[in-house]
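Heads up, the thing below is written out as structure tokens.
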Amino acid sequence: MDLVSIRKSYRRYARHYDSTFGRVFATGRASAQETLAPLSGKRILEVGVGTGISLPDYPDDCEVVGIDVSREMLEVARGRLNGGLPAVSGLCEMDAERLGFADDSFDAVVAMYVATVVPNPDALFSEMWRVCRPGGRLLVVNHFASQQWLLRGFERCLRPLSKAVGFRPDMEYEDFVRVTGQEPCMVAPASLFGYWKQVEFRKPA
């Protein structure tokens with residue numbers, strides 16, 4: 001995976017992303033919002049906000065900032081703001097591995113369906129950790145390699161196509177946790193049959 005391939009892939013997806021993936025990822029988004037509900041009134045960063053499909057789900061009294069590496073996806077997200085989303089304070093074109101925010105800037109940092117897209121998941125998490133305030137929460141919703149042998153084999157067959165499809169289809173959950181260097185405080189299914197997982201970390205106060 002590299003930024004050139006990622007930008008190229010999501011340039012193709014931008015106008016059709018919601019209709020293609022919106023319902024597929026809806027359960028995971030709803031699961032994330034349920035976890036984030038106690039953060040009403042807090043400052044939240046959504047990494048890889050994409051078309052902004054999740055933005056209407058945040059409580060109005062939150063302050064939400066969204067970033068994404070794809071200019072075309074952000075154009076769609078900005079179109080949503082025309083309908084009025086008081087929780088959203090900004091949308092920025094930005095590399096998730098090099099966040100342009102000061103340390104300890106957010107009460108929570110969320111990355112939905114991003115960990116298998118970025119070139120370096122360790123750099124992604126490191127930046128999420130850096131900008132999260134002490135006592136804050138980091139939430140990752142993502143697909144990890146299936147434990148079912150047939151699906152696992154299919155995912156491995158897709159590996160050579162990672163650049164073309166714009167994501168890494170066979171990232172192991174254990175490998176992801178290892179590169180974070182942190183211990184999750186919660187791991188839960190984020191979809192039917194647990195094909196996607198919700199992984200939460202807490203930054204010590």
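Values quoted throughout were computed directly from the atomic coordinates according to the rules given, and no laboratory measurement underlies them. Fair warning: this is a prediction, and the values are worked out from it, not measured in the lab. Backbone-built Cβ (ideal geometry, glycine too); neighbour counts: all protein chains shown.
The label point for Asp103 and the one for Ala26, both projected 7 Å from the Cα toward the Cβ, are 4.3 nm apart.
Report summary: the helix-based calculation at 222 nm, which adds -39500 (n - 2.57) for every DSSP H run with n ≥ 4 and divides by the residues of the chain, gives -9500 deg cm²/dmol. For the chain, the longest piece that avoids every one of the trypsin sites (Lys or Arg not before Pro) found in DSSP loops with at most 16 other C-beta atoms within 10 Å covers 99-205. With K and R counted +1 and D and E -1, the other residues having a Cβ less than 13 Å from that of Gly90 yield a net charge of -2. Distances between placed amide hydrogens fall under 5 Å for Val110 paired with Leu45, Glu46, Val47, Leu139, all partners being 5 or more residues away or on another chain. Computed over the chain with a Gaussian network model linking Cα atoms closer than 10 Å, the most mobile of Asn120, Asn142, Asn82 is Asn82. Its Cα gyration tensor gives segment 18-158 an equivalent ellipsoid, and the semi-axes of that ellipsoid, as √(5λ) in whole Å with the largest first, are 24, 18, 15. Projected onto its three principal axes, the C-alpha set of segment 70-139 covers 33, 27, 19 Å, listed from the longest axis down.
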